[in-house]
Amino acid sequence: MIEILLVEDEKIQRKNLSDFLKSLEHRISESDSVKNAKELLNKKSFDIIISDMKLKDGSGKDILDFINEKELKTFFIIITAYSSVEDSVYILKNGGYDYIQKPINLDDLQIKIEKIEKIIDVQNENMILKEREEFSEFVYESEKMKNVVESVKKIANSNANILIVGESGTGKEQIAKMIHSFSNRKDKLFVAVNCGALNENLLETELFGYEKGAFTGAYERRKGRFEIAHKGTIFLDEIGDVSLNMQVKLLRVLQEKEFERVGGNEKIKVDVRVISATNRNLLKLIEEKKFREDLYFRLNVISLKIPPLRERKEDIEKLAHFFLNKFSKENNKRFKSFSKKAFEKLLSYSYPGNVRELQNIIQRAVILGSGETVQEKDIVIEKIETNEKKIFISFEEMVSDFEKKIIIDALEKNNFSVKDTALYLKTSERVIRYKMKKYGINY
């Protein structure tokens, strides 16, 4: 089912078309003028816009120009009363998808809509394939992780909310992706949000989206992560870092299955499976009045605890060889194994940073080492303080992280088109490709 805006000023024609489109089980909004169509486009997103060329207060060209001006991502189909080469060229040259001639052949219209549906499905499938590639990197050997995976398979097909608990770097997001991949929602999107990386205002707009004019800089409407994840799974990482005020808003979404965009009044219904994760003791936070008990019970219908790497040493060998092969291929190196002393050094360490730290150690060894065997000197281990002191990153790293997030958001908003993303960010395609390569952004 897709969202279609039908713009037609002839009442009977509009009703006939609307009834036909509804019979195809699509959601239809109707408009009888350019002015009203623009108002609707400012309030809501549409997958397809079907408009008559001649309208009482303008033309379909005006609507297409508005779409381009606002950089709206939609498929535009124009209806013409007669074959006009000039009009057709204008529509196609300015980003329109297609045109259809009166009297309308409904079978032809249906075929065009079905083609658009396939394009949208492919775009979504590209996101799903990327998620599954990441899921394929989940490697384990220990009985503890085998038990976790067995639990994942048992709970995957339920719609119950799940809370994943574990130290940083244990693979909580990959477990969440595994749950999604085994569930009946696997053909829909998995949408991840790092709640701890955003302040309260940014997190609210990230989760719920916003309307045009909701705040300074809100030049167009934007869908939030809950809306994007409709029929799929949303993963709320670092849920323990969410403010109390934001917790109230999350609780409402979980209870009512609806929300409003920031600056909007329209209630948006969503059907999402919520998986959350934390490395903090939520029960302790509840005692300290820093986390709502009612939200905790909503999130924690089912709980999964991921053991730290130091409690499953038998996973180290398999993980180390997996990362060795991966980074050797990525860096055109010839590494095939570890020396005895190098491997003993890996096994003797406690890994406070867990799997993520092991990955970094192997990646560094591959990049700086040479030959076919990783030697003990190649294994550089930096001791990490574990007294819960915060580790601050440099200003340059903060800027890079922020720039990477902006580019990823822009790519998602522009259907992963480098050309459209460059136009959106007011820069060149060369710069976007350079930044994508620099930050390892692959779409």
Among Phe138, Phe226, Phe190, Phe297, what is the fewest-to-most ranking by other Cβ atoms within 10 Å? Phe297, Phe138, Phe226, Phe190
The long-range amide H neighbours of Ile100, using H built 1.01 Å from N in the peptide plane and a cut-off of under 5 Å, are Ile78, Ile79, Thr80
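Please give me, ordered by residue number, the trypsin sites (Lys or Arg not before Pro) of segment 5-83 that lie in loop per DSSP and have at most 11 other Cβ atoms within 10 Å. List each step's numbers first, then the result.
Values: sites: Lys11, Arg14, Lys15, Lys22, Arg27, Lys35, Lys38, Lys43, Lys44, Lys54, Lys56, Lys61, Lys70, Lys73; in loops: Lys44, Lys56, Lys70, Lys73.
When the trypsin sites (Lys or Arg not before Pro) of segment 5-83 are filtered for loop state and at most 11 Cβ neighbours within 10 Å, Lys56 remain.
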Mind checking the dipole of segment 1-57: about its Cα centre, +1 per Lys or Arg Cβ, -1 per Asp or Glu Cβ, Debye to the nearest 20? 140 debye
For the residue pair Ile100 and Ser303, what label-to-label distance in nm results when each label sits 7 Å from Cα along the Cα-to-beta-carbon direction? 5.5 nm
Label-point separation (nm) for Lys153 and Leu202, each offset 7 Å from Cα along Cα-to-Cβ? 4.1 nm
Straight-line reach check, Lys153, cutoff 23 Å on alpha carbons, 8 or more apart in-chain or any other chain, hits among lysines -> Lys130, Lys144, Lys172, Lys177, Lys186, Lys188, Lys231, Lys305, Lys318
Roughly what would the spin-label model give for Asn331 and Phe215, points 7 Å off Cα along C-beta, in nm? 4.0 nm
What's the angle, to the nearest 10 degrees (0 to 90), between helix 106-135's Cα axis and the longest principal axis of the chain? 10 degrees
Take the alpha carbon gyration tensor of segment 3-122, find the square roots of its eigenvalues, order them as a ≥ b ≥ c, and report rounded if a/c is under 1.5; if not, report prolate when a/b exceeds b/c, else oblate. rounded
Angle check, please: helix 143-155 long axis (alpha carbons) against the longest principal axis of the chain (alpha carbons), in degrees 0 to 90, nearest 10. 20 degrees
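Cross-link list Lys38/Lys419; Lys61/Lys438; Lys11/Lys112; Lys43/Lys426: which exceed 31 angstrom alpha carbon to alpha carbon? Intermediate values should be presented prior to the final figure.
Values: Lys38/Lys419 25 Å; Lys61/Lys438 40 Å; Lys11/Lys112 23 Å; Lys43/Lys426 25 Å.
Among Lys38/Lys419; Lys61/Lys438; Lys11/Lys112; Lys43/Lys426, the Cα-Cα distance tops 31 Å for Lys61/Lys438.
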Taking loop as defined by DSSP and a crowding limit of 13 other beta carbons within 10 Å, which trypsin sites (Lys or Arg not before Pro) in segment 286-323 fit? Lys289
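Using 1/(1 + (r/R0)^6) with R0 = 30 angstrom and r between the beta carbons of Arg364 and Ser45, what's the FRET efficiency to the nearest 0.05? Display every interim value, and only then the final one.
Details: r = 44 Å, r/R0 = 1.47.
In this case the efficiency is close to 0.10.
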Residue-by-residue Karplus 3J(HN,Hα) for segment 421-436, coefficients 6.51, -1.76, 1.60, Hz, glycine and proline x: 5, 4, 5, 4, 8, 6, 9, 9, 4, 4, 5, 4, 5, 4, 5, 4
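State the antiparallel share, in %, of DSSP beta bridges confined to segment 3-122, rounding to the nearest 5.
Values: 2 of 20 bridges.
So the antiparallel bridges in segment 3-122 amount to around 10 percent.
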Relative to the longest principal Cα axis of the chain, at what angle does helix 172-182 sit, 0 to 90 degrees, rounded to 10? 60 degrees
Give the relative contact order (percent, whole number) for segment 154-238; include only Cα pairs under 8 Å separated by 6+ residues. 33 percent
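Which whole-number percentage describes the relative contact order of the chain, with Cα contacts under 8 Å and a sequence gap of 6 or more? Show your work: numbers first, answer last.
Details: 661 pairs, mean separation 53.5, N = 443.
Dividing the mean separation by the residue count of the chain yields 12 percent.
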Would you please name the GluC sites (Glu not before Pro) within segment 257-294 that are DSSP coil residues with at most 12 other C-beta atoms within 10 Å of their C-beta? Glu266, Glu288
With both partners inside segment 137-307, how many of the DSSP beta bridges are antiparallel, as a percent to the nearest 5? 20 percent
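Dipole of the chain, Cα-centred, from +1 at each Lys and Arg C-beta and -1 at each Asp and Glu C-beta, to the nearest 20 debye?
Roughly 1020 debye for the chain.
Restricting to the chain, what percent of DSSP beta bridges are antiparallel, rounded to 5? Can you show the working numbers first?
Values: 6 of 44 bridges.
Given both bridge residues lie in the chain, the antiparallel proportion sits at roughly 15 percent.
Read-outs: derived from the displayed coordinates by stated rules, not from any lab. All figures in this text were calculated on a predicted structure; none of them were measured in a lab. Here Cβ is always computed from backbone atoms with ideal geometry, including for glycine, and neighbour counts include all displayed protein chains.
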